[in-house]
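Student: What follows is a single structure, and I will ask about it in a moment.
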Amino acid sequence: MTSPVAARRIVDLSHPITDGLVTYPGLDAPKITTFTSRDESAARLGTGVSFHIGRIDMVANTGTYLDTPHHYHVGGYDTAGLPLERVVDVTAVVIDATRIAAVGPDLLADAGELAGHAVLFHTGWSRHWGTDAYFSGHPYLTRALVAVLIEAGPAIVGIDSLNIDDATDPTRPAHHGLLGAGIPIVEHLTNLAELPPHGARFTAVPAPIAGMATLPVRAVAVTGQRSPVLPGTESPGRG
C-alpha cells in the first residue's frame, strides 16, 4: 500500500499593502489613488466598457519586501539584476525562532543543508503586524548567526520580523554581511507557521526595476505535492 501524498498547498507569506500602511517607523506610508477612473474611461469607450488605472506613491521598503545587495553595497546587483535562481522555487528551510529575541547560531545545529536554500526564520513577530507592538523589541539575527549563514551560502534569507537586524545596532551586521555576500534578504514575512521545517518551495520576486535596491514582493511557498494523475484520467493529447 502506498503512503498518502500530502495535498499541495500555496501559502501566502506576504502582508497586503494598503493605503496609509506603516511598515517601518519614519518611512512614508503609501498613497493609493486612481489615475483613470471607470467613469472617465467609460466616457470614451464603447457602451458597457470601462477600465481602471491606479496610482501608488510609496517608498521601496513597504509591506513584505526584498533587499538586494545594492541596498547596502554600491556595486551590488539591484532588483533588475537579481538572479532568479535565488528567489524562484527554492527549497525552504524554516527555523523555529519563536522563543528567542536574539537569534543565535545554535538554532542551526539540526537545520541540515542550507547551501542554495531559502532559510526562513519564524519568530512569530508577524502576529503584531498593524499594531504599535510590531515596532519595538523585535527578534533579529545575531552577528554570530550571520557569520554562519554566510559560510553556509543560502540562496536567500528571510524573517517575519520588523528587521533582520537589531534596529538599535547601527552597524547592521545582517544587512551588511548577507548582502555583501550576494545573499538577498526578505523581511516582514507572515504565515511561516504554516510551513514544514523542510520541503516547502519558496518564491519571492520583485519587479525588475533598474537602480532599485529594495522592492515589495509577493512571497509564497508551496507545500505538499500535486495529486498524481490516475490511469485513464489523463487529458487527451492534441494528436
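Student: Restricting to segment 211-221, name every residue that is in a strand (DSSP E or B) and more than 11 Å from residue 68 (Cα to Cα). Give the steps one after another, and end with the answer.
Tutor: Looking only at segment 211-221, we keep the residues that are in a strand (DSSP E or B), and these are 214-216, 220-221.
216, 220, 221, listed by residue number.
Student: Return yes when residue 98 is out of contact with any helix residue (DSSP H, G or I) (no Cβ under 9 Å at 6 or more places or on another chain) and either in a loop (DSSP other than H, G, I, E, B) or more than 17 Å from residue 163 (Cβ to Cβ) (or both) and no when it is not. Quick ask: steps written out before the conclusion?
Tutor: Details: out of contact with any helix residue (DSSP H, G or I) (no Cβ under 9 Å at 6 or more places or on another chain): no; either in a loop (DSSP other than H, G, I, E, B) or more than 17 Å from residue 163 (Cβ to Cβ) (or both): yes.
Spelling it out, it is not the case that residue 98 is out of contact with any helix residue (DSSP H, G or I) (no Cβ under 9 Å at 6 or more places or on another chain) and either in a loop (DSSP other than H, G, I, E, B) or more than 17 Å from residue 163 (Cβ to Cβ) (or both).
Student: In segment 130-144, is there at least one residue being closer than 16 Å to residue 102 by Cα, within 18 Å of the chain's Cα centre (by Cα) and surrounded by 24 or more Cβ atoms within 10 Å (Cβ to Cβ)?
Tutor: Checked segment 130-144: at least one residue is closer than 16 Å to residue 102 by Cα, within 18 Å of the chain's Cα centre (by Cα) and surrounded by 24 or more Cβ atoms within 10 Å (Cβ to Cβ).
Student: On to the next question. Could you tell me which numbered condition residue 120 fails, if it satisfies all but one of (1) touching a residue at least 40 places away in the same chain (Cβ under 8 Å); (2) in contact with a helix residue (DSSP H, G or I) (Cβ under 7 Å, 6 or more places away or on another chain); (3) part of a helix (DSSP H, G or I)?
Tutor: (3)
Per-residue answers, yes or no, for (1) polar (S, T, N, Q); (2) touching a residue at least 60 places away in the same chain (Cβ under 8 Å); (3) part of a loop (DSSP other than H, G, I, E, B):
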| site | (1), (2), (3) |
| --- | --- |
| 33 | yes, no, no |
| 45 | no, no, yes |
| 50 | yes, no, yes |
| 62 | yes, yes, yes |
| 78 | no, yes, yes |
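Student: Right, next: What is the residue count in segment 42-78 for residues that are crowded, with 16+ Cβ neighbours inside 10 Å and in contact with a Phe, Trp or Tyr (Cβ under 8 Å, 6 or more places away or on another chain)?
Tutor: Residues meeting the conditions: 4.
Student: A further question follows. How many of the residues making up segment 161-189 are surrounded by fewer than 19 Cβ atoms within 10 Å (Cβ to Cβ) and on the phi < 0 side of the Ramachandran plot?
Tutor: 8
Student: Still on this model: Within segment 102-124, is even one residue surrounded by 17 or more Cβ atoms within 10 Å (Cβ to Cβ), more than 14 Å from the chain's Cα centre (by Cα) and of a type in the set (Phe, Trp, Tyr)?
Tutor: Checking segment 102-124: not a single residue is surrounded by 17 or more Cβ atoms within 10 Å (Cβ to Cβ), more than 14 Å from the chain's Cα centre (by Cα) and of a type in the set (Phe, Trp, Tyr).
Student: Restricting the search to segment 4-25, which residues are part of a loop (DSSP other than H, G, I, E, B) and surrounded by 14 or more Cβ atoms within 10 Å (Cβ to Cβ)?
Tutor: Here is the first cut: in segment 4-25, the residues part of a loop (DSSP other than H, G, I, E, B) are 4-6, 8, 13-25.
13, 14, 15, 17, 21, 22, 23, 24 - these are the residues of segment 4-25 that are part of a loop (DSSP other than H, G, I, E, B) and surrounded by 14 or more Cβ atoms within 10 Å (Cβ to Cβ).
Student: Listed residues 39, 28; which is free of Cβ contacts under 8 Å to residues at least 60 places away in the same chain, part of a loop (DSSP other than H, G, I, E, B) and exposed (fewer than 14 other Cβ atoms within 10 Å of the Cβ)? I'd like the intermediate steps shown before the answer.
Tutor: Working: 39 fails: part of a loop (DSSP other than H, G, I, E, B).
28 is the lone residue from the list that is free of Cβ contacts under 8 Å to residues at least 60 places away in the same chain, part of a loop (DSSP other than H, G, I, E, B) and exposed (fewer than 14 other Cβ atoms within 10 Å of the Cβ).
Student: Do we have residue 208 as more than 17 Å from the chain's Cα centre (by Cα), assigned to a loop (DSSP other than H, G, I, E, B) and at pLDDT 95 or above here?
Tutor: Details: more than 17 Å from the chain's Cα centre (by Cα): no; assigned to a loop (DSSP other than H, G, I, E, B): yes; at pLDDT 95 or above: yes.
Considered against the rule, which asks whether it is more than 17 Å from the chain's Cα centre (by Cα), assigned to a loop (DSSP other than H, G, I, E, B) and at pLDDT 95 or above, residue 208 comes out as no.
Student: With respect to residue 136, is the statement that it is at negative phi and modelled with pLDDT under 95 true?
Tutor: Numbers: at negative phi: yes; modelled with pLDDT under 95: yes.
So residue 136 passes the test.
Student: Just checking, how many residues over segment 164-192 are among the small types (Gly, Ala, Ser) and in a loop (DSSP other than H, G, I, E, B)?
Tutor: Step one: filter segment 164-192 for residues among the small types (Gly, Ala, Ser), giving 167, 174, 177, 180-182.
After this cut, where a residue has to be in a loop (DSSP other than H, G, I, E, B) as well, the list is 167, 181-182.
The qualifying residues number 3.
Student: For segment 142-163, check the following and say yes or no: at least one residue is touching a residue at least 40 places away in the same chain (Cβ under 8 Å), in a helix (DSSP H, G or I) and farther than 18 Å from residue 180 by Cβ.
Tutor: no
The values are calculated or read from the model by the stated rules, or taken from the named source; none is laboratory data. Note that the structure is a prediction, hence the values are computed from the model and not measured. Methodologically, a virtual Cβ is constructed for each residue, glycine included, from the backbone with ideal geometry; neighbour enumeration extends over all protein chains shown.
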